[in-house]
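Chemist: I'd like to ask some things about the structure below.
The values are calculated or read from the model by the stated rules, or taken from the named source; none is laboratory data. Treat the numbers as computed from the prediction; the structure is a model and nothing was measured. Ideal geometry is used to build each Cβ from the backbone, glycine not excepted, and the neighbour counts take in all protein chains shown. Heads up: the accessible areas ignore ligands, DNA and RNA and are worked out on the full protein's heavy atoms, side chains in. Shrake-Rupley method; radii C 1.70, N 1.55, O 1.52, S 1.80 Å.
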Protein chains: 2
Amino acid sequence: MTTREPHTAAILLIGDELLSGRTQDLNLAYISKKLNEVGVQVREARMVPDVEAEIVAAVNALRARYAYVFTTGGIGPTHDDITADSISAAFGVPCYYHPDAYALLEANYPPGEFTEARKRMARTPVGASLIPNPVSRAPGFRVENVFVMAGIPRVMHVMLEGALPVLEGGRPVVSRSIGVYLPEGRFGTGLGALQTRFPDVSIGSYPFLRDGRYGASIVVRGQDPARVAEAAEDVRVMLSGIGGAPFDEETA
Amino acid sequence: MTTREPHTAAILLIGDELLSGRTQDLNLAYISKKLNEVGVQVREARMVPDVEAEIVAAVNALRARYAYVFTTGGIGPTHDDITADSISAAFGVPCYYHPDAYALLEANYPPGEFTEARKRMARTPVGASLIPNPVSRAPGFRVENVFVMAGIPRVMHVMLEGALPVLEGGRPVVSRSIGVYLPEGRFGTGLGALQTRFPDVSIGSYPFLRDGRYGASIVVRGQDPARVAEAAEDVRVMLSGIGGAPFDEETA
């Protein structure tokens with residue numbers, strides 16, 4: 001057994017339409033913020049096409065390394081929805097019609113409308129537990145530390161809500177964001193020195209151009225709110241010291 | 001040497017702010033569409049934090065497998081910009097002040113303002129060639145099949161423009177998109193049969209909910225425009241045959 005770092009997660013986004021640029025992913029940022037609220041940090045994300053071997057390789061790499069893996073996409077009724085088969089292959093178990101999912105879906109359609117295509121949405125790896133879908137019925141599922149969710153944001157949101165309570169999280173990361181209208185080149189060295197003094201927080205600088213003026217958001221992140229506040233105060237003092245006028249930004 | 005599949009690419013998005021959900025990535029879809037115009041298909045994407053070991057592992061995995069790798073982020077002047085060091089480590093070469101980049105940046109600042117932080121932006125792996133940046137001067141760079149670009153979209157766009165002419169592409173993928181107000185469960189089996197009949201095109205179905213009505217966009221993609229048109233026409237006929245009213249959508 002490999003050792004999985006506790007309170008970490010990876011996100012696997014599945015779908016040709018994401019890689020071709022046809023569909024703009026909005027799920028990753030949403031999942032990441034929600035997981036952080038329960039103290040789970042997203043450490044890596046991957047995007048793979050609708051190709052079983054690619055999904056299998058990615059799931060197996062990620063589930064061995066992180067405490068949790070969340071996938072989105074590929075659990076609908078059409079032929080290009082191959083996530084259930086792929087997760088089964090990744091775990092080396094058969095893919096079958098999950099009895100509860102089958103019963104639930106069958107009851108959802110008028111007689112004669114529970115088509116072969118719709119039956120596909122009842123398929124899971126043997127041994128999977130279901131993740132409820134109050135929006136459109138067809139459930140997600142979980143196998144060990146892998147949570148398989150829909151790609152449609154509205155459906156993914158409710159599946160994630162159902163999954164959150166079972167996660168074991170640590171302390172959430174808190175952040176403070178400080179804006180300043182100075183180019184990064186003016187404060188880069190000072191900021192680096194502060195990062196060295198605060199090894200237990202992470203200090204990031206994100207440049208922007210607003211109304212023709214160059215500036216940056218400096219984001220201080222960490223699990224100890226007191227240390228984050230202390231580092232943020234020192235960032236503010238440093239920026240004021242070189243002629244900047246730092247201001248609080250909404251924390252991300 | 002591993003064999004890289006020709007005309008393929010991977011995208012590596014670098015930055016804590018992407019994984020935390022603070023910043024919404026918009027670069028991937030842009031890069032993917034531009035690459036397709038010159039006949040290069042994006043097959044995988046990864047998102048990693050500002051951690052050298054993670055960047056090194058991802059770059060080495062991707063550059064061995066795909067014809068090209070494009071990275072975004074981490075080439076600014078602050079301490080958290082570690083992409084130049086990481087790419088150097090991935091290729092096992094020193095990171096140095098690239099003479100041309102250094103001269104170019106030095107000439108760009110008034111005397112005394114070419115700070116240590118700004119000098120960081122002249123750093124590249126030894127042997128790298130520069131990618132021009134007409135927007136804000138500090139260049140990107142290329143080592144073998146790896147193209148290192150800025151994370152700020154406006155800057156990334158011009159760097160990509162500079163990189164495109166050197167790529168060796170195949171035939172671009174063309175696509176046709178057909179919309180229909182039918183639930184996927186109604187046409188899933190028919191669509192799967194069409195995919196079997198057209199193994200040389202890829203047929204994807206992307207459900208939507210618009211104005212309270214369920215429907216789907218069916219996207220046919222392939223490198224042979226005639227086959228794509230043929231498959232799209234058969235999709236239209238199939239949908240009409242089960243009572244749908246298929247319509248052309250703007251192709252993605």
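Chemist: With the dipole of chain B worked out from charges on the C-beta (+1 for Lys and Arg, -1 for Asp and Glu) around the Cα centre, which of B:G215, B:A226, B:L13 lies farthest toward the positive end?
Modeler: B:A226
Chemist: At a probe size of 1.4 Å, how large is the accessible area of B:L164, to the nearest 10 Å²?
Modeler: My reading of the accessible area for B:L164 is about 20 Å².
Chemist: Let me ask another. Under the definition of partner shielding as Cβ atoms of other protein chains within 10 Å of a residue Cβ, what is the mean value for peptide A:150-163? Don't skip to the end; give the middle numbers.
Modeler: Values: counts 1, 2, 4, 0, 1, 2, 0, 0, 0, 0, 0, 0, 0, 0.
That average works out to 1.
Chemist: Only Lys, Arg, Asp and Glu count, each charged at its Cβ (+1, +1, -1, -1), so figure out the dipole size of the stretch B:182-252 about its Cα centre, rounded to 20 debye. If you can, show how the numbers build up before the last one.
Modeler: Numbers: 7 positive and 10 negative charges, 50 e Å.
Here the size comes out at about 240 debye.
Chemist: Further, regarding this structure: What are the residues whose amide H is under 5 Å from the amide H of A:F147, where those residues sit 5 or more places off or on another chain and H is modelled from the backbone?
Modeler: Residues meeting the criterion, in which the H sits 1.01 Å from N, are A:V69, A:F70, A:T71.
Chemist: May I ask you to evaluate 6.51 cos²θ - 1.76 cosθ + 1.60, the Karplus curve with θ = phi - 60°, for each residue of the stretch B:8-24 and list the ³J(HN,Hα) values in order in whole Hz, giving x for glycine and proline?
Modeler: Those phi angles translate into 10, 8, 10, 10, 10, 9, 10, x, 3, 5, 6, 6, 7, x, 5, 10, 7 Hz.
Chemist: Continuing with the same structure: If you find the alpha carbon centre of the stretch B:77-122 and of the stretch B:173-252, how far apart are they in angstrom?
Modeler: 49
Chemist: A further question follows. Ordering A:V201, B:V166, A:V56 by how much accessible area each has at a 1.4 Å probe, largest first, what is the list? Could you put the intermediate results ahead of the total?
Modeler: Details: A:V201 10, B:V166 80, A:V56 30 Å².
So, going from the largest accessible area down, we get B:V166, A:V56, A:V201.
Chemist: Now a separate question. Where nothing but the Cβ of Lys and Arg (+1) and of Asp and Glu (-1) is charged, how large is the charge dipole of the protein assembly as shown around its Cα centre, in debye to the nearest 20? Write out the running numbers ahead of the final one.
Modeler: Working: 48 positive and 58 negative charges, 3 e Å.
It comes to approximately 20 debye.
Chemist: Another one. Would you kindly give the portion of the calculated P(r) for the protein assembly as shown that falls above 40 Å, as a percent of all Cα pairs? Display every interim value, and only then the final one.
Modeler: Numbers: 33497 of 126756 pairs.
So the portion of pairs separated by more than 40 Å is 26 percent.
Chemist: Tell me, what % of the accessible area of the protein assembly as shown is carbon and sulfur with a 1.4 angstrom probe? List each step's numbers first, then the result.
Modeler: Working: 11340 of 21070 Å².
Roughly 54 percent of what the probe reaches on the protein assembly as shown is carbon or sulfur.
Chemist: Let me have the relative contact order for chain B, percent, based on Cα pairs under 8 Å that are six or more residues apart. Working shown, then result.
Modeler: Details: 467 pairs, mean separation 42.8, N = 252.
Computed value for chain B: 17 percent relative contact order.
Chemist: A further question on this structure: Angle between the Cα long axis of helix A:52-65 and the longest principal axis of chain A, 0 to 90 degrees, nearest 10?
Modeler: It is inclined by approximately 50 degrees.
Chemist: At a threshold of 8 angstrom on Cα-Cα distance, excluding pairs fewer than six apart, so keeping six or more, what relative contact order does the stretch B:174-249 reach in percent?
Modeler: That works out to 46 percent.
Chemist: May I ask you to compute the full-extension gain from A:D200 to A:Y214, defined as 0.36 nm times their residue separation minus their alpha-carbon distance, rounded to one decimal in nm? Working shown, then result.
Modeler: Details: separation 14, 0.36 × 14 = 5.04 nm, distance 2.89 nm.
So the extension gain works out to 2.2 nm.
Chemist: Here's a follow-up. How large is the charge dipole for chain B, taken about the Cα centre, if only the Cβ atoms of Lys, Arg (+1) and Asp, Glu (-1) carry charge, to the nearest 20 debye?
Modeler: Using only the charged Cβ atoms, the result is roughly 360 debye.
Chemist: With the dipole of the stretch B:70-214 worked out from charges on the C-beta (+1 for Lys and Arg, -1 for Asp and Glu) around the Cα centre, which of B:A117, B:V146, B:Y96 lies farthest toward the positive end?
Modeler: Of B:A117, B:V146, B:Y96, it is B:V146.
Chemist: Now for a different question. What average number of partner chain Cβ atoms lie no more than 10 Å from the Cβ of the residues making up B:205-212?
Modeler: 4
Chemist: A follow-up question, please. Can you work out the Karplus-derived ³J(HN,Hα) for every residue in the stretch A:43-50? Use 6.51 cos²θ - 1.76 cosθ + 1.60 with θ = phi - 60°, whole Hz, and x for glycine or proline.
Modeler: 9, 7, 9, 9, 10, 10, x, 6
Chemist: In addition: With each run of n ≥ 4 DSSP H residues scored as -39500 (n - 2.57), what mean residue ellipticity at 222 nm is computed for the protein assembly as shown after dividing by its residue count and rounding to the nearest 500 deg cm²/dmol? Kindly include the intermediate steps, with their values, before the conclusion.
Modeler: Numbers: 18 runs with 184 residues, N = 504.
Result for the protein assembly as shown, helices only: -11000 deg cm²/dmol.
Chemist: A follow-up question, please. I'd like the Karplus ³J(HN,Hα) series for the stretch A:145-160: coefficients 6.51, -1.76, 1.60, θ = phi - 60°, whole numbers in Hz, and an x wherever there's a Gly or Pro.
Modeler: 9, 10, 10, 10, 10, 5, x, 5, x, 4, 7, 4, 4, 6, 5, 4
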